[in-house]
Each structure stands twice: as C-alpha cells, then as structure tokens.
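Enquirer: Before anything else, here's the structure in question.
The values are calculated or read from the model by the stated rules, or taken from the named source; none is laboratory data. These numbers were taken from a predicted model, which means no experiment stands behind them. Counting neighbours? That spans all protein chains shown, and the Cβs are built from the backbone with ideal geometry, glycine included.
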Amino acid sequence: MSYCSCWLRVSYSHLAGNRADFNTINAWDYNYGITARIPIPGGIGLSTDFTIFSRRGYDDPSLNSDDVVWNMRLERSVLNGNLTFAVDGFDILHNLSKVTRTVNAQGRIESYSNVLPSYFMAHVIYKLNIKPKKK
C-alpha cells in the first residue's frame with residue numbers, strides 16, 4: 001500500500017513589552033512537508049518524510065531560520081508478517097541544530113542540548129501471538 005500526504009502548520013506570535021528599548025515582534029513560525037510510503041520490489045517498504053521548519057519576523061537574523069529535516073525507514077517483514085527488520089534514518093541531511101532559540105516578552109533564550117540530532121537505528125520486531133486455551 002502506498003500513500004503520499006502534505007501538510008502545513010503555522011503559528012503567529014505578537015510580542016510587545018513596556019520597556020523603552022523593547023522592539024515589538026510579529027513573528028511567524030511554520031513548518032510544511034510531505035510524507036510518503038512506497039513499496040519496493042522484494043517486499044521492502046520505504047517510508048519517508050521531508051519537513052522544512054521556518055521562522056520569520058525576528059530582528060536577529062540568527063532567529064530567522066530554515067531547518068530541513070529528512071527522515072527515512074526501510075523495512076522488510078518475513079514469517080507471515082511476524083518478524084520485521086527495519087532501519088530508520090533520522091535527519092539524514094544533518095541540518096538540525098542542538099541550539100534552540102526562543103523569544104518572549106522578557107528576552108531571548110538560547111538553550112544548548114546534548115543530543116544526537118542525526119542517527120540511524122536498526123530494529124528487529126517479533127510479534128508473538130499466543131491464543132488462550134479453550135476451556
């Protein structure tokens with residue numbers, strides 16, 4: 001079974017302060033992308049999603065950003081679907097940052113995280129179906 005879908009999510013922030021040196025901020029944060037599942041010959045399934053996270057309207061150029069994230073999964077089921085082998089790739093393009101920048105009426109916050117923003121992971125999944133004994 002194959003499918004493809006697109007989406008768009010938008011949020012708007014109006015930030016105002018009473019301080020004389022505060023500049024009012026009207027900012028847009030939005031993300032959009034595409035998700036697809038494509039069967040490949042040999043019983044292999046390919047799932048992928050491509051998302052662009054964008055921020056606009058901030059005075060500081062480092063806050064106006066575009067982060068492109070591409071994730072993918074390859075999977076193959078055997079034994080009538082009871083055993084599945086899968087490989088996931090997260091942030092294949094290595095564009096996610098471990099620095100998060102936010103702005104509110106009190107100021108700008110930069111957070112640094114100790115994370116692996118990009119990785120591959122292998123899975124082995126076994127479905128164990130045990131039917132109850134009949135009385």
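Enquirer: Being part of a loop (DSSP other than H, G, I, E, B) and touching a residue at least 24 places away in the same chain (Cβ under 8 Å) is the filter; apply it to the stretch 1-21 and report the residue that is nearest to the chain's Cα centre (by Cα).
Expert: Ser2
Enquirer: Which of the numbered conditions does Ser111 fail, given that it passes all the others? Conditions: (1) surrounded by fewer than 15 Cβ atoms within 10 Å (Cβ to Cβ); (2) on the phi > 0 side of the Ramachandran plot; (3) over 13 Å from the mean Cα position of the chain (by Cα); (4) not hydrophobic (A, V, I, L, M, F, W, C).
Expert: (2)
Enquirer: Same structure again: Restrict the check to the stretch 83-103 and report whether at least one residue is among the hydroxyl-bearing types (Ser, Thr, Tyr) and out of contact with any Ser or Thr (no Cβ under 8 Å at 6 or more places or on another chain).
Expert: yes
Enquirer: Ile92 is checked against (1) of a type in the set (Val, Ile, Thr); (2) under 21 Å from Cys4 (Cβ atoms); (3) in a strand (DSSP E or B) and fails just one. What number does that condition carry?
Expert: Among (1) of a type in the set (Val, Ile, Thr); (2) under 21 Å from Cys4 (Cβ atoms); (3) in a strand (DSSP E or B), the lone unmet condition for Ile92 is (3).
Enquirer: Follow-up question, since we're still on this one. Ile34 - would you say it is in contact with a Phe, Trp or Tyr (Cβ under 6 Å, 6 or more places away or on another chain), farther than 23 Å from Lys98 by Cα and assigned to a strand (DSSP E or B)?
Expert: yes
Enquirer: Are there any pairs, at least 6 apart or on different chains, whose C-beta atoms fall under 6 Å, with the first in the stretch 63-88 and more than 30 Å from Asp29 (Cα to Cα) and the second acidic (Asp, Glu) and surrounded by 15 or more Cβ atoms within 10 Å (Cβ to Cβ), and if so, which?
Expert: If the second residue must be acidic (Asp, Glu) and surrounded by 15 or more Cβ atoms within 10 Å (Cβ to Cβ), the pairs left are Thr84/Glu75; Ala86/Glu75.
Enquirer: Pairs only if they're at least six apart or on different chains, beta carbon under 7 angstrom, first in the stretch 93-114 and within 21 Å of Gly17 (Cβ to Cβ), second at pLDDT 70 or above and acidic (Asp, Glu); list them, first residue then second.
Expert: Every condition considered, the pairs that remain are Arg101/Glu110.
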